[in-house]
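The values are calculated or read from the model by the stated rules, or taken from the named source; none is laboratory data. The shown structure was predicted, so the numbers you read here are calculated from the model rather than taken from an experiment. Cβ sites come from the backbone with ideal geometry, for glycine too, and all protein chains shown count toward neighbours. Note: areas computed on protein heavy atoms with side chains; ligands, DNA, RNA excluded. Shrake-Rupley method; radii C 1.70, N 1.55, O 1.52, S 1.80 Å.
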Amino acid sequence: YWRDWSSDVCSSDLTIIVTRLRAMGVSVEEAEQGEEALQKVRANPPHLVISDLMMPDMSGMDLFKHLQSKNAASSEKVIFITGGAFTHAAQDFIDSSGRSVIQKPFDSVRIRRIVSRAMSKRNTLPV
């Protein structure tokens, strides 16, 4: 059983990602904002976090830093999604974090490859 969390600013983008993950047989827990996601992660630690870099209440970078502060290994289970339009600071963050990024428009093959790689370690995120 895989519990995954996906957060995105645009609900249609969230629907696309969730639909593609479910087609892969992944059980998905959704949150549309960062704080809601943190609450869900604390209540039910997932195997994987997929987060947009830009969210209304908390950036994906801040979410990542929070998870990493609780356990550095947590950072291995975070994947970012982005439309590619982000700040230099966000680009620097992506480059330094070493995390996978799924670019919009979404490519099912890339989603499958990135998620499968991240899920190869089946432990949950400690928070």
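Among residues belonging to the range 1-20 that are at pLDDT 80 or above and within 12 Å of the chain's Cα centre (by Cα), point out the one that is surrounded by the fewest Cβ atoms within 10 Å (Cβ to Cβ).
V18
Filter the range 27-51 down to the residues that are at pLDDT 85 or above and β-branched (V, I, T), then identify the one that is nearest to K104 (Cα to Cα).
I50
Restricting to the range 21-41, name every residue that is open to solvent by 70 Å² or more (accessible area, probe 1.4 Å) and part of a loop (DSSP other than H, G, I, E, B).
Matches in the range 21-41: E32, Q33.
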